[in-house]
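Visitor: Here you go, one structure.
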Amino acid sequence: MSRAAEQQHWLGWNVAITGINARPDSPGPGCAVARCLRHTTGFRGRIVGLAYETLDAGLYLRESCDSGHLLPYPATGSTALLERLDEVLCRDRIDALLPCLDAELPNFMAIAEPLKQRGIRLLLPQRAQLRRRDKDRLPALCADAGVATPAVRRLTDEGFFDHCGAEGWPFPLLIKSVFYDAWIVHSAPEARQRYRQVVATWGYPVLIQKYVHGDEVNLTALGDGSGAMIGEVMIRKQAVTDKGKAWAGVAIDDPELQEAGRRLFHSLKWRGPLELEMLRDAAGTLQLIEINPRFPAWIYLSHGVGRNLPAALLAMMNGALPEQLDLAPPRPGTSFIRHAQETIVSLDEIATLAASGSTLRACAPASLAA
Amino acid sequence: METPATRISHLKALVLNADGHAFDTRTGRSYRLNPPAQVALLMMQDGKSRPAIIAALVALCEQPSAVVETGVDGFFKQMASYVS
């Protein structure tokens, strides 16, 4: 296949992936997305890791990323991001980019058009779609979709916890930021402590959600913007870390979860990957807890059940229709168990990255760096 | 207990292997079933009645009917509790 033809088909694309941090208690999805692509039959492209910290493991895992580059933190804005990506493009050709972290999505949305002009494909939701799945807007979305969800309230005063029970918000409660982190709190002093922690880390507002006890089930799938749910993979979390992240899970085939997902995708008209986090309460009702606008960290299981969703996403970005995707029937019972292991990194590698922001030494024109 | 209070679609979501391991494809939960329970589950999935299941197990296990009835009713209760 000629070089030009290679670049036309997604199997030959160079794919940039973010979220390649791999802390065992709360890994980003990026390395799992990379593994899915590595295991895609016929994939010949390079995988370019985009990270925010020099100790993000994906930068050094050659089985995940062929090269890696540091990005400015999302808080620095979309202009800085585009400038940095232009520098990266001097070193690495990028044909498609898969953002894997919630907080960076607004920046990537803002520069989607300039990136398209540079030949970089993205499949992102629209800003309004992203906003509709915000944690504080879930009740409105769920009312529209006909899906149950616990009540959520925005807080700007920790004094609420002194009389929350009288206002219909008895402990235990969940305290969350609008982006990440969630804690179950059982008393006013504990709630105040977590409230301050959220404010210090993420700022206002702080969200509280009524606590639901039950089995956590997750669904991930793709949307093409039409309202269809494509290639859904469902799991039940079997074991979680202190942060509630799954380190073991099993694929399931739950018609009720599937129907809830179908309704939410239809209501959102979502474009790109999505994860639904739901709890089945004591009465058997599925309650939506969160919607993540990206692949989950357990996405490698999608390869394990024959529904390699990162590969399917690239195929869609390359123009494939849902019925043309390589998606096996559900395979309930297939499990994953996450484990941590060390990778050895030389001083030279760290030094190169720290000095240049990239794992690649030479700065070659994009046309030579493929 | 005349009939098991478990929806047939939920029962059919249980996949039983030769070792007596039952996996609920709907919920992701796993169970271990002894041989009489395996027979009872397969018959429940086929829509067989309580008397039919008891009769089959009486013949298979060579136990008094009262003993089998107690065991079958206990199994129905567990199924209703875990699988419904």
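Visitor: How well do other chains shield peptide A:286-292, expressed as the mean number of their Cβ atoms within 10 Å of each residue Cβ? Before the final figure, lay out each step's value.
Guide: Working: counts 0, 0, 0, 0, 0, 0, 0.
Mean shielding count: 0.
Visitor: Within the range A:29-55, which residues have the backbone N less than 16 Å from the label spot 7 Å out from residue A:117 along Cα→beta-carbon, could you tell me?
Guide: Of the residues in the range A:29-55, none has backbone N under 16 Å from the label point off residue A:117.
Visitor: Per-residue ellipticity at 222 nm for chain A, helices alone: DSSP H runs ≥ 4 residues times -39500 (n - 2.57), over residue total, nearest 500 deg cm²/dmol?
Guide: Mean residue ellipticity at 222 nm (helix-derived): -8000 deg cm²/dmol.
Visitor: Counting only C-alpha contacts under 8 Å and six or more residues apart, can you give the relative contact order of the range A:151-210 as a whole percent?
Guide: Value for the range A:151-210: 47 percent.
Visitor: Go through chain B and name the GluC sites (Glu not before Pro) that are in a DSSP coil and have 14 or fewer other Cβ atoms within 10 Å of their Cβ.
Guide: Values: sites: B:2, B:62, B:69; in loops: B:2, B:62.
Listed in order of number, the matching sites are B:2, B:62.
Visitor: State the percentage of accessible surface on the range A:151-210 attributable to carbon and sulfur atoms; use a 1.4 Å probe and exclude ligands, DNA and RNA.
Guide: Carbon plus sulfur share of accessible area: 54 percent.
Visitor: Let me ask another. Across peptide A:251-259, what mean number of C-beta atoms from other chains lies inside 10 Å of a residue's C-beta?
Guide: Going residue by residue through A:251-259 and averaging, the value is 3.
Visitor: At a cut-off of 20 Å², which residues of the range B:20-41 become less accessible once all protein chains are present than in their chain alone, using a 1.4 Å probe?
Guide: Output list: B:23, B:25, B:26, B:27, B:28, B:29.
Visitor: Taking 10 Å² as the minimum loss, tell me which residues in the range A:313-339 lose that much accessible area going from the chain by itself to the full protein complex (1.4 Å probe).
Guide: Residues shielded by partner chains are A:332, A:333.
Visitor: Need one number: nm distance between label points at residue A:127 and residue A:140, each 7 Å from Cα along Cα→Cβ, rounded to one decimal.
Guide: Modelled inter-label distance: 1.6 nm.
Visitor: Let me ask something additional. Please give every one of the lysines within straight-line cross-link reach of residue B:12, meaning a C-alpha to C-alpha distance under 28 Å, and leave out same-chain neighbours fewer than 8 residues apart.
Guide: The reachable lysines, counting only those whose Cα sits under 28 Å from residue B:12, are A:237, B:48, B:77.
Visitor: Something else about it: Restricting to Cα pairs below 8 Å that are 6+ residues apart, what does the relative contact order work out to for chain A? Please round to a whole percent.
Guide: Numbers: 733 pairs, mean separation 71.7, N = 370.
It comes to 19 percent, rounded to a whole number.
Visitor: Given the options A:179, A:358, A:112, identify the residue whose Cα lies farthest towards the positive end of the charge dipole of the protein assembly as shown (+1 on Cβ of Lys, Arg; -1 on Cβ of Asp, Glu).
Guide: The listed residue farthest towards the positive side: A:112.
Visitor: Also, quick follow-up: For residue A:181 and residue A:248, what does the FRET efficiency come to when R0 = 22 Å and r is the distance between their Cβ atoms, rounded to the nearest 0.05?
Guide: 0.50
Visitor: How many square angstrom of accessible surface are buried between B and A, both sides summed, with a 1.4 Å probe and rounding to 100?
Guide: Working: alone 5020 and 16190 Å², together 20480 Å².
Counting protein atoms only, the buried area is about 700 Å².
Visitor: Then there is this: Can you compute the FRET efficiency between residue A:167 and residue A:343 using 1/(1 + (r/R0)^6), with r the Cβ-Cβ distance and R0 = 51 Å? Round to the nearest 0.05.
Guide: Plugging the Cβ-Cβ distance into 1/(1 + (r/R0)^6) gives 0.55.
Visitor: Name the residue farthest towards the positive end of the dipole of chain A from the options A:28, A:129, A:9, assuming +1 on Cβ of Lys and Arg, -1 on Cβ of Asp and Glu, about the Cα centre.
Guide: Working it through, the farthest residue towards the positive pole turns out to be A:9.
Visitor: How large is the accessible surface per residue of the range A:151-210, computed with a 1.4 Å probe and reported in Å² as a whole number?
Guide: Accessible area per residue: 50 Å².
Visitor: Kindly report the accessible area of chain B per residue (heavy atoms of protein chains, probe 1.4 Å, no ligands, DNA or RNA), in Å².
Guide: Result: 55 Å² of accessible area for each residue.
The values are calculated or read from the model by the stated rules, or taken from the named source; none is laboratory data. This is a predicted model, so every value here is computed, not measured. Note that we place each Cβ from the backbone using ideal geometry, even for glycine, and neighbour counts take in every protein chain shown. Surface areas here come from the heavy atoms of the whole protein model, side chains and all, with no ligands, DNA or RNA. Shrake-Rupley method; radii C 1.70, N 1.55, O 1.52, S 1.80 Å.
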